[in-house]
1. Check B:Val89: other-chain or 5+ apart residues with amide H under 5 Å from its amide H, H built from backbone geometry?
2. Under the Karplus relation 6.51 cos²θ - 1.76 cosθ + 1.60, θ = phi - 60°, what is the ordered set of whole-Hz ³J(HN,Hα) values for segment A:15-29, x standing for Gly and Pro?
3. For segment B:298-507, what is the relative contact order in percent, using Cα pairs closer than 8 Å and at least 6 residues apart in sequence?
4. What shape does segment B:143-231 take by its C-alpha gyration tensor, where a ≥ b ≥ c are the square roots of the eigenvalues and a/c under 1.5 counts as rounded, a/b above b/c as prolate, and the rest as oblate?
5. Per q in 0.07, 0.11 1/Å, what log10 I(q)/I(0) does a Debye calculation on the alpha-carbon atoms of the protein assembly as shown return?
6. At a temperature of 25 °C and a viscosity of 0.890 mPa s, determine how fast segment B:126-285 diffuses translationally according to Stokes-Einstein, using the Kirkwood radius over alpha-carbon pairs as Rh; express D in µm²/s, rounded to the nearest whole number.
7. For a quick check of your reading of the filter: which GluC sites (Glu not before Pro) in segment B:82-180 sit in a DSSP loop and have no more than 16 other Cβ atoms within 10 Å?
8. Using DSSP to call loops (not H, G, I, E or B), can you name the trypsin sites (Lys or Arg not before Pro) in segment B:166-247 whose Cβ has at most 15 other Cβ atoms within 10 angstrom?
Amino acid sequence: MIEISNLFKQHGQQPLFNGLNLELEKGSVVAVIGPSGSGKSTLLRCINGLEYFQKGCISVDGQKLYGVNEQSYNKADEDCTVKKIRRRIGMVFQQFNLFPHMTVLNNITEAPVCVMGISRAEAEAVAISLLQKVHLEEKAQSYPAQLSGGEQQRVAIARALAMKPEAMLFDEPTSSLDPEMIEEVLLVVKDLVSEGMTTMIATHEMGFARDVSTHVIFLEKGNIVERGSPKKIFSNPKNKRTKMFLSRFMK
Amino acid sequence: MKHMNRKHFIIRTVSILQICFFMMYFFMTDTFAYQDTLEKIKSSGVLTWGFDADGGAPYVFHDPKHPSKLIGFEVDIVEAIARELGVKVQNFQNEWDSILLSLQRGDFDIALNGIEITSDREQSVLFTRPYFVYAEQIVVRDSDNRIHRLDDLHGKKVGTLYNTVAKRMLEEMGDVAVSTYSGQVEPFKDLSLNRIDAVLVDLPIAFYYAAPNPQLRMVGEPVGEGYYGIAVRKEETALAEELNIIIEKILRSGELKKIYERWGVWNTSQEKLFLHEGLLQKYTESPPSISEKVPLRVTTFLPTLLKGALVTVGISILSMMLAVVLGLILAIMRLYGNKWLQRVSTAYIEFYRGTPLLIQLYILYYGLPNIGITLSAFIAAILGLGMNYAAYESEIYRAGIQAIPKGQTEAALSLCMSGRLILRRIILPQAFRIAIPPMTNDFIALFKDSSLVSVIAMVELTKSYSMLAAASMNFFQLGIITALLYFGMSYPLSIYARRLERKLKSYD
């Protein structure tokens, strides 16, 4: 479903990706692990067009995003493609990024009403069912600031789901949460995965990555150092760096 | 919480009272600055003369060829007086509106500047015998044949000067739309621009400004004769006596006539100056067309002040609306526009912030007609204030917009929202909340700055006050009342803004 080929990206003079390749099949769950600054977030953000890249191509169900230095790059086409991709892929951020001036309900209905143009009543019905799914139906009329971090992140997930995405990108969804709230968010993600949602998740939760993912990639300095099934990576890592990284986490 | 508020209120009330007492003390002590002015003048060899050169020709004005030099028929009279007294003249420039007040304060010895002898002024100062017989003259556009005499002014728009007999004559006619000006040039300018139908001013002014202008014409006989006198402080009878003797002398010797002839203001009416002093006195006790002294009662001044307040509110609200809309456009141009839109917006902001509002108003109202754009005073006032404050508003909005975290935009983008939608639904509502305190601040500042539009013939609260105060010589009580009116209007605004802020903050 998602195909990343020969991705080159640099931040200013600092090169990050050097011809990265990655493929996600429909229904697969890819956990992206690696140290901070290894490019996990950037990789996810490239996929739904929040970051540009210099060379290569990202294809989502045939919709192709090109690097700005590619021959095929065209600003207008790119903007159009980005929109199509964003309609298919939902994203959840480390900092939740809920809209603070809207109630939980309006956070969820905003895009369906304003972008997809569905009626408010219908959008609200969908929103309520999504809130039930993340166990927050009683918070519909609250404002984000009245919610805990874990609750906010669950609302953010519901908000992304309201657009009926075919795939979800989770950018370190539990990294700004207090430890006791991590579980409630991961449970929601687990539910989604069990329903067959194509998922890509950048995370530091190794236990979660091991239990939930179908594939794991270990990223370091923009390079995929090792990739494979969770069983292979977590019980028998080949690469020295992977071993070192995991040994620190899997105590 | 409630207790704290009450405490604050008490502290505030006490400090306002302190300021009031201080002001009263200040006013009272200065009134008794000198004991005998005539003695002081003779011993120091200096006669201090109060006037307003902004009032203009041919009374006292700056020589266009040598701008540092003052000329005018009154300059010549004062020089003659000083010569007779054997002293030198020291000039004291003073706003005409408050010239008698400054005289009372002791800023100068005599006020001689086209001051009409009226019975209400005689309540506060002492006048010498008249030195000039004035009359009011109607001036119209040369092409206009509708107006021939005073009665023809009914239902017309007529320009005149602040605190003059002409203004009161027009007001007493009832149905004349009076435009009042502080400078002498502006009414004639507005007359040639068709903004008004006629000008009614003292004859010397009409003579000096209208006669040489081929577009304008004086019509009808001068009306509403009266006298200019030299004003001294009420207790200075010795000085007044001395001045009366000198006026008599230069009148009899023909020197005064020569001065008037040189400035083109001599006419046969001036013969009345030779009348016996007693006859003159009788004449001035009931001056023609001048209503009796206006007692300071709430019913007389409050309607005028409230009318002024209404104009102030109207101008403030309309210009703030313009400032908000234009400011938002400028901010969006600067933040999201292409290179050229950004430059236009930046240039606009720098220009309007970097030049005085007063100059902008002058350009809008008196400058634009030169390139064929003639705005009414009301429109010019709103445009002037609104366009000026738009520059400040736009910077407030820009700061507010930039304060919204990038994650908000990214989240909205990931939900497939368009840039315009994000701005409207996500960024601006949040930026607006941040902008409320500085916007309130600006609105209150604009509210007070609206007093500047009096320079383009708008009579708003401050101008109503200064006119009433100059007429009644009551700067203190009227000033306190006017200040309270301003405060009474701006304070609810502060409260409303605070409430709005709290309401929008409820989601934090």
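1. Here the answer is B:Leu47, since their amide H atoms fall under 5 Å of that of B:Val89.
2. With coefficients 6.51, -1.76 and 1.60, one gets x, 10, 9, 10, x, 7, 10, 7, 10, 10, 8, 4, x, 7, 10 Hz.
3. Details: 216 pairs, mean separation 62.3, N = 210.
It comes to 30 percent, rounded to a whole number.
4. Numbers: a/c = 1.40, a/b = 1.15, b/c = 1.22.
Note, shape of segment B:143-231 comes out rounded.
5. Here log10 of I(q) over I(0) equals -0.70, -1.16.
6. Details: Rh = 16.9 Å.
After rounding, the answer is 145 µm²/s.
7. Details: sites: B:Glu84, B:Glu95, B:Glu116, B:Glu122, B:Glu136, B:Glu171, B:Glu172; in loops: B:Glu95.
Those satisfying the criteria are B:Glu95.
8. Numbers: sites: B:Lys167, B:Arg168, B:Lys189, B:Arg195, B:Arg217, B:Arg233, B:Lys234; in loops: B:Arg195, B:Lys234.
Counting only loop positions with at most 15 other Cβ atoms within 10 Å, the trypsin sites (Lys or Arg not before Pro) in segment B:166-247 are B:Lys234.
The values are calculated or read from the model by the stated rules, or taken from the named source; none is laboratory data. Every value quoted in this text rests on a predicted model; they were computed, and no experiment measured them. Cβ coordinates were reconstructed from backbone atoms using ideal geometry, including for glycine residues, and neighbour counts include every protein chain displayed. Ligands, DNA and RNA are stripped out before the accessible areas are found, and what is left, the full protein with its side chains, is counted by its heavy atoms. Shrake-Rupley method; radii C 1.70, N 1.55, O 1.52, S 1.80 Å.
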